[in-house]
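Engineer: Right, I'll just put the structure down here and ask away after.
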Amino acid sequence: MKVLITGIKGFIGSHIAKRILEEKNIEIIGLDNEYTATDKILDGISIIQGDVTKYEDIEKCGKCDVVIHCAGILGTNEIAEMGIINMANDVNINGTVNVLEYCKKYGSKHIFATKPNPKDWMNPYTITKQAAENYCQMYWNEYKVTTIALSLLWVYGKEQRQEPVNKFIPTFMKYGIENKPIPIWNTGEQIIDCCYIEDIAEVFYRAVKSDYQGYIKLDVGTGFPLTVNEVANMVIKLLNSNSELDYLGKRLGEPIETAIVADTSHTKRLFDYVPSTTLEEGLLHCRDWFIEQFSKE
Ligand SMILES: NC(=O)c1ccc[n+]([C@@H]2O[C@H](COP(=O)([O-])OP(=O)(O)OC[C@H]3O[C@@H](n4cnc5c(N)ncnc54)[C@H](O)[C@@H]3O)[C@@H](O)[C@H]2O)c1
């Protein structure tokens, strides 16, 4: 079996590649334009420098049985604030349509890295991901292209960057390590579900092996609710930090009262798997990596 991973040099794509590499009978090829690439070494994988917005770049990867599509532009508030809405539309929507066209041509299965998209989250990231999912549904209805859309909740772990998008754990770690006030959007009482990267990679691996046909969107998370304040305080405690919480007010495109927790019956039913790393365990796995990372700066 041959698997193409777009965005393979990113946080999630690189961890998925590492997990799949453990299986000797799966060949991987990667595609990435290095926009937010990590410096993780992926030995034994050929990686094409290319852009998902250019269909011909995807074609350069040759025929693959499965495409794991992780290339994307992230940022609930950042996309609008950085003035890159057009770019996000192009990569997240048109890039996904190119992947779907490729899957249609080669009969490949599509596994799409997506997210929860509640209707009241009116920000470019959510809007583009929802539009891309709609195209996935359309390509199944009209052309029988299978998509397993994995709706990832709050993912964290080693090799996660803190910029250009201020992801929550890297940000809490950075400010906590530097003993600076930790920035919190809204009241911090938003309810979230934190999922460790290796559990996420396992779900992608099982999706590769699955014989599901059709269009489906599945929650990927632990099902365990935590408030943002609880998470930040856990990081402070783990680091023995003196940081306090600094409330920034409302975040662009996110309602004040967010509460999103995975329905774990989804991955249980399809893959017989439920992400089970607790936040305490996950933070312990990655604490030293973040300390080393932020001490270099
Ligand atoms: N990190 C999360 O918490 C989270 C949650 C839900 C969904 N997702 C989705 O998972 C996917 C991967 O996220 P991540 O956290 O690894 O992000 P990331 O920024 O670390 O990785 C994205 C990768 O895509 C590459 N890329 C960007 N534009 C590209 C283009 N036009 N052509 C080719 N490659 C391109 C980047 O260089 C990078 O290597 C994204 O689609 C994201 O929307 C992430």
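Engineer: Does V203 qualify as being more than 16 Å from the chain's Cα centre (by Cα), within 14 Å of the ligand (Cβ to nearest atom) and of a type outside the set (D, E)? So that I can check it myself, show each step before the final result.
Structural biologist: Values: more than 16 Å from the chain's Cα centre (by Cα): no; within 14 Å of the ligand (Cβ to nearest atom): yes; of a type outside the set (D, E): yes.
Criteria not met by V203.
Engineer: Right, another one. Could we say that A17 is among the small types (G, A, S), over 19 Å from V99 (Cα atoms) and not in a strand (DSSP E or B) here?
Structural biologist: Numbers: among the small types (G, A, S): yes; over 19 Å from V99 (Cα atoms): no; not in a strand (DSSP E or B): yes.
No.
Engineer: Another one. Search the range 15-39 for residues being over 20 Å from K63 (Cα atoms) and charged (D, E, K, R), and hand back the single one that is modelled with the lowest pLDDT. Steps first, answer last, please.
Structural biologist: So in the range 15-39, the residues over 20 Å from K63 (Cα atoms) come out as 15, 18-19, 22, 34-39.
Retained after the next criterion (residues that are charged (D, E, K, R)): 18-19, 22, 34, 39.
Values: K18: 95, R19: 96, E22: 93, E34: 92, D39: 75.
Looking at residues that are over 20 Å from K63 (Cα atoms) and charged (D, E, K, R), I get D39.
Engineer: Report, by residue number, each residue of the range 32-53 that is over 16 Å from the mean Cα position of the chain (by Cα) and not charged (D, E, K, R).
Structural biologist: Listed by number, the residues that qualify are N33, I41, L42, G44, I45, S46, I47, I48, Q49, G50, V52, T53.
Engineer: Could you say whether any residue in the range 40-54 is acidic (D, E), at pLDDT below 95, under 21 Å from K158 (Cα atoms) and within 12 Å of the ligand (Cβ to nearest atom)? Walk me through it before giving the result.
Structural biologist: Let us first name the residues in the range 40-54 that are acidic (D, E), namely 43, 51.
When the remaining residues are screened for being at pLDDT below 95, the result is 43.
Then drop every residue that is not under 21 Å from K158 (Cα atoms), which leaves 43.
Those still in the list that are within 12 Å of the ligand (Cβ to nearest atom) too: none.
Checked the range 40-54: no residue is acidic (D, E), at pLDDT below 95, under 21 Å from K158 (Cα atoms) and within 12 Å of the ligand (Cβ to nearest atom).
Engineer: Can you find a residue that is more than 18 Å from the chain's Cα centre (by Cα) and of a type in the set (A, V, I, L, M, F, W, C) anywhere in the range 103-115?
Structural biologist: Filtering the range 103-115 for residues more than 18 Å from the chain's Cα centre (by Cα) gives 103-109.
Subsequent filtering for residues that are of a type in the set (A, V, I, L, M, F, W, C) retains 103.
Yes: the range 103-115 contains one or more residues that are more than 18 Å from the chain's Cα centre (by Cα) and of a type in the set (A, V, I, L, M, F, W, C).
Engineer: How do the strands (runs of 3 or more DSSP E) wholly within the range 65-159 filter down when requiring 3 or more residues that are more than 15 Å from I216 (Cα to Cα), modelled with pLDDT of 95 or more and within 13 Å of the ligand (Cβ to nearest atom): which remain? Even if it seems obvious, please write down each step before you answer.
Structural biologist: On the way: elements: 66-69, 109-114, 147-152, 154-156.
Hits in the range 65-159: 154-156.
Engineer: Condition first: of a type in the set (V, I, T) and either assigned to a strand (DSSP E or B) or at pLDDT below 95 (or both). Now tell me which residues in the range 160-186 satisfy that.
Structural biologist: Of the range 160-186, the ones of a type in the set (V, I, T) are 165, 169, 171, 177, 182, 184.
Residues satisfying the conditions are V165, I182, I184.
Engineer: Is the range 173-189 home to any residue that is within 15 Å of the ligand (Cβ to nearest atom), surrounded by 18 or more Cβ atoms within 10 Å (Cβ to Cβ) and among the β-branched types (V, I, T)?
Structural biologist: no
Engineer: Within the range 265-289, how many residues are part of a loop (DSSP other than H, G, I, E, B) and within 20 Å of the chain's Cα centre (by Cα)?
Structural biologist: The initial filter retains those residues of the range 265-289 that are part of a loop (DSSP other than H, G, I, E, B), namely 272-278.
This time we only want the ones that are within 20 Å of the chain's Cα centre (by Cα), so: 273-278.
So the count comes out to 6.
Engineer: Still on this structure: Say whether the condition of being surrounded by fewer than 19 Cβ atoms within 10 Å (Cβ to Cβ), closer than 22 Å to F11 by Cα and at pLDDT 95 or above is met by at least one residue in the range 233-244.
Structural biologist: No, the range 233-244 contains no residue that is surrounded by fewer than 19 Cβ atoms within 10 Å (Cβ to Cβ), closer than 22 Å to F11 by Cα and at pLDDT 95 or above.
The values are calculated or read from the model by the stated rules, or taken from the named source; none is laboratory data. The model shown is predicted, which means the values in this text are computed figures rather than measured ones. All Cβ positions, even for glycine, are placed from backbone atoms using ideal geometry, and neighbour counts span all protein chains on display.
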